[in-house]
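Q: So that we are looking at the same thing, I have put the structure below in structure tokens.
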Amino acid sequence: MRTTLLVFLSAVLSGCEWKETSAVANVRQKSIEEIQKAETDFQKMTTDKSINEAFWFYADSNAVIKRENDTVVHGKDAIRNYYSQPFYTEASVIWSPDFTDASAQGDFGYTYGSYTWRTKDNTGKVTEKKGVFHTVWKRQADGSWKYVWD
């Protein structure tokens, strides 16, 4: 009888652990899908509205971006100011994440992939700059995703 009880309790506890693990996996997978959508919508907004508007809209209030020559820009308003430079009003950017992951709790995630910036100089010559991006995303109180590092 004691052995039967131990086997039964082990089976029940194993089932509970599996369900918890499955629930965590579901939260993580849902977060990954939400981050991928945020990334896609973010990139689309750079074309539909402007680079400036998109980088401001998707920035967490404490966001930080690292740009050329190790320039680091802190805060949502500073990011908006950075992208309001004339250089960026004539530029375009496209990117696509190659990989997306999220925490088990569904509160943080990250993406990385390739990007292409296209800019024009004062003679109208188009220059392309390609590279790799890495973005860290944070779930906001309203459930949306904003980047904290780009």
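Q: Inspect the stretch 100-115 for any residue being farther than 30 Å from A23 by Cα and within 18 Å of the chain's Cα centre (by Cα) and give the result as yes or no.
A: Scanning the stretch 100-115, I find at least one residue that is farther than 30 Å from A23 by Cα and within 18 Å of the chain's Cα centre (by Cα), so the answer is yes.
Q: Any idea how many residues of the stretch 50-105 are among the small types (G, A, S), free of Cβ contacts under 8 Å to residues at least 24 places away in the same chain and crowded, with 17+ Cβ neighbours inside 10 Å?
A: Matching residues across the stretch 50-105 total 1.
Q: Out of all the residues in the stretch 43-80, which are of a type in the set (S, T, N, Q), touching a strand residue (DSSP E or B) at 6+ places or on another chain (Cβ under 9 Å) and modelled with pLDDT under 95?
A: Within the stretch 43-80, just T71 meets the criteria.
Q: Given the condition part of a strand (DSSP E or B), among the aromatic types (F, W, Y) and touching a helix residue (DSSP H, G or I) at 6+ places or on another chain (Cβ under 8 Å), answer yes or no: does some residue in the stretch 123-138 qualify?
A: Looking only at the stretch 123-138, we keep the residues that are part of a strand (DSSP E or B), and these are 126-138.
If we keep only those that are among the aromatic types (F, W, Y) too, we end up with 133, 137.
Those left that are additionally touching a helix residue (DSSP H, G or I) at 6+ places or on another chain (Cβ under 8 Å): 137.
The answer is yes; a qualifying residue exists.
Q: Can I ask one more? Inspect the stretch 30-37 for any residue being of a type in the set (G, A, S) and part of a loop (DSSP other than H, G, I, E, B) and give the result as yes or no.
A: The answer is no; no qualifying residue exists.
Q: Hey, another quick one. Of everything in the stretch 106-126, what is modelled with pLDDT under 95 and farther than 18 Å from K44 by Cα? Give them in sequence order.
A: K120, D121, N122, T123, G124, K125, V126
Q: Continuing with this model, one more query. Which of (1) more than 17 Å from K76 (Cβ to Cβ); (2) surrounded by 10 or more Cβ atoms within 10 Å (Cβ to Cβ) does S144 not meet, given it meets every other one?
A: Among (1) more than 17 Å from K76 (Cβ to Cβ); (2) surrounded by 10 or more Cβ atoms within 10 Å (Cβ to Cβ), S144 violates only (1).
Q: I would also like to ask the following. Quick one: which of G75, G124 is closer than 15 Å to Y147 by Cα and of a type in the set (G, A, S)?
A: G75
So that you can scan it fast, the table gives a plain yes or no per residue for (1) in a strand (DSSP E or B); (2) under 26 Å from I32 (Cβ atoms); (3) among the hydroxyl-bearing types (S, T, Y):
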residue: T47; (1), (2), (3): no, yes, yes
residue: F55; (1), (2), (3): no, yes, no
residue: V73; (1), (2), (3): yes, no, no
residue: A78; (1), (2), (3): no, no, no
residue: N81; (1), (2), (3): no, no, no
residue: Y88; (1), (2), (3): no, no, yes
residue: Q105; (1), (2), (3): no, yes, no
residue: T111; (1), (2), (3): yes, yes, yes
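The values are calculated or read from the model by the stated rules, or taken from the named source; none is laboratory data. Quick caveat, the model's predicted, so the values are computed rather than measured. Ideal geometry is used to build each Cβ from the backbone, glycine not excepted, and the neighbour counts take in all protein chains shown.
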